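The values are calculated or read from the model by the stated rules, or taken from the named source; none is laboratory data. Just so it is clear, the model here is predicted, and its values are computed rather than measured. A quick note on method: Cβ atoms are made from the backbone with ideal geometry, for glycine too, and the neighbour counts reach across all protein chains shown.
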Amino acid sequence: MDLRADSDTRDRLVQAAADVFREKGYTGTRVQEIARRAGFTSGALYAHFDSRAELLAEAIAVENSRMFELVSDALGRSILVRSSAIASSIADFVRAESAPTDQLMLDGFAICTREPEAQERIGESLNHLLDQLEGQVGRMAVRPDSLMADDPGGMAYLMVSFMCGVAALRAAGLSDRAPERIDAVLAEFLHGLGAIDDPAATAAVDDGPG
């Protein structure tokens with residue numbers, strides 16, 4: 001088997017699925033249309049994916065990975081991440097008129113309540129995103145005795161919950177209700193949970209008085 005060709009086929013099918021899901025929604029999308037959009041037969045599609053639910057979950061996972069890469073690039077690759085950089089990245093997401101994940105996520109949440117397979121597949125995708133964000137939270141400069149230091153996974157959960165809520169409000173046409181100084185609001189929120197914007201301050205807190 002040509003692994004490169006096999007991977008390319010999957011990528012084309014997932015991209016076609018994402019495009020058709022955005023245009024017609026999950027319930028209005030037929031597997032045959034996804035296959036045709038990607039340039040394959042339905043048989044070729046089923047050789048890679050078992051169902052529409054699996055395709056939607058994979059499309060969500062791919063878009064989440066792209067979004068995470070953009071956030072990671074914005075934060076840089078230093079050992080410690082400034083809370084202001086995290087706040088700025090989330091603020092950029094809030095200010096956007098739309099995000100590639102919006103329609104996919106909202107469709108995904110709707111079908112999760114009706115289809116156990118979709119719940120499992122999409123849950124796996126979001127769990128992976130939570131793990132990635134937990135790693136980023138773990139890189140933040142924080143006070144050792146803070147909530148953020150004690151439970152980085154919980155902080156990642158709050159971030160994903162916040163971003164999902166933003167997607168829902170954006171879909172409802174309520175983007176104009178976001179705070180004008182969203183960067184400052186988010187920075188203050190993170191500070192309250194224990195974030196320190198100056199990484200050097202972490203060492204000072206850890207070392208204690210000299």
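Looking for something surrounded by 14 or more Cβ atoms within 10 Å (Cβ to Cβ) and in a loop (DSSP other than H, G, I, E, B) - is there at least one such residue anywhere in the range 118-129?
Looking through the range 118-129, none of the residues is surrounded by 14 or more Cβ atoms within 10 Å (Cβ to Cβ) and in a loop (DSSP other than H, G, I, E, B).
Any residue at all in the range 32-54 that's closer than 17 Å to residue 118 by Cβ, without any contact (Cβ under 8 Å) to a residue 24 or more places away in the chain and surrounded by 14 or more Cβ atoms within 10 Å (Cβ to Cβ)?
Checking the range 32-54: at least one residue is closer than 17 Å to residue 118 by Cβ, without any contact (Cβ under 8 Å) to a residue 24 or more places away in the chain and surrounded by 14 or more Cβ atoms within 10 Å (Cβ to Cβ).
Could we say that residue 28 is among the small types (Gly, Ala, Ser) and either surrounded by 16 or more Cβ atoms within 10 Å (Cβ to Cβ) or modelled with pLDDT of 90 or more (or both) here?
When the stated conditions are applied, residue 28 passes them.
Since residue 7 meets every condition but one in (1) assigned to a helix (DSSP H, G or I); (2) modelled with pLDDT of 90 or more, which condition does it not meet?
(2)
Can you spot a residue in the range 12-20 that is free of Cβ contacts under 8 Å to residues at least 24 places away in the same chain, crowded, with 17+ Cβ neighbours inside 10 Å and part of a helix (DSSP H, G or I)?
Yes, the range 12-20 contains a residue that is free of Cβ contacts under 8 Å to residues at least 24 places away in the same chain, crowded, with 17+ Cβ neighbours inside 10 Å and part of a helix (DSSP H, G or I).
Mind checking whether some residue in the range 65-81 is assigned by TED's automatic domain parsing to the domain that holds residue 187, touching a residue at least 60 places away in the same chain (Cβ under 8 Å), touching a strand residue (DSSP E or B) at 6+ places or on another chain (Cβ under 8 Å) and part of a helix (DSSP H, G or I)?
yes
Starting from residues that are among the small types (Gly, Ala, Ser) and not in a helix (DSSP H, G or I), keep the ones in the range 150-195 and report whichever is surrounded by the most Cβ atoms within 10 Å (Cβ to Cβ). Show your work before the answer.
Residues of the range 150-195 that are among the small types (Gly, Ala, Ser), as a first pass: 153-154, 156, 161, 165, 167-168, 171-173, 175, 178, 184, 187, 192, 194-195.
Narrowing further to those that are not in a helix (DSSP H, G or I): 172-173, 178, 194-195.
On the way: 172: 9, 173: 8, 178: 15, 194: 19, 195: 26.
Among them, the one singled out is 195.
Looking at (1) more than 21 Å from residue 185 (Cβ to Cβ); (2) in a loop (DSSP other than H, G, I, E, B); (3) in contact (Cβ under 8 Å) with a residue 24 or more places away in the chain, can you tell me which one residue 99 breaks?
(1)
Test residue 71 against the criterion of being surrounded by 13 or more Cβ atoms within 10 Å (Cβ to Cβ) and within 22 Å of residue 128 (Cα to Cα), and give yes or no.
Values: surrounded by 13 or more Cβ atoms within 10 Å (Cβ to Cβ): yes; within 22 Å of residue 128 (Cα to Cα): yes.
The answer is yes for residue 71.
Could you pull out the residue among 85, 57 that is surrounded by 16 or more Cβ atoms within 10 Å (Cβ to Cβ), touching a Gly at 6+ places or on another chain (Cβ under 8 Å) and either more than 21 Å from residue 29 (Cα to Cα) or without any contact (Cβ under 8 Å) to a residue 40 or more places away in the chain (or both)?
Result: 85 is the single residue among 85, 57 that is surrounded by 16 or more Cβ atoms within 10 Å (Cβ to Cβ), touching a Gly at 6+ places or on another chain (Cβ under 8 Å) and either more than 21 Å from residue 29 (Cα to Cα) or without any contact (Cβ under 8 Å) to a residue 40 or more places away in the chain (or both).
Kindly indicate the residue of the range 130-149 that is in a loop (DSSP other than H, G, I, E, B) and in contact (Cβ under 8 Å) with a residue 60 or more places away in the chain and also farthest from residue 162 (Cα to Cα) among those meeting that condition.
If we take residues in the range 130-149 being in a loop (DSSP other than H, G, I, E, B) and in contact (Cβ under 8 Å) with a residue 60 or more places away in the chain, then 144 is farthest from residue 162 (Cα to Cα).
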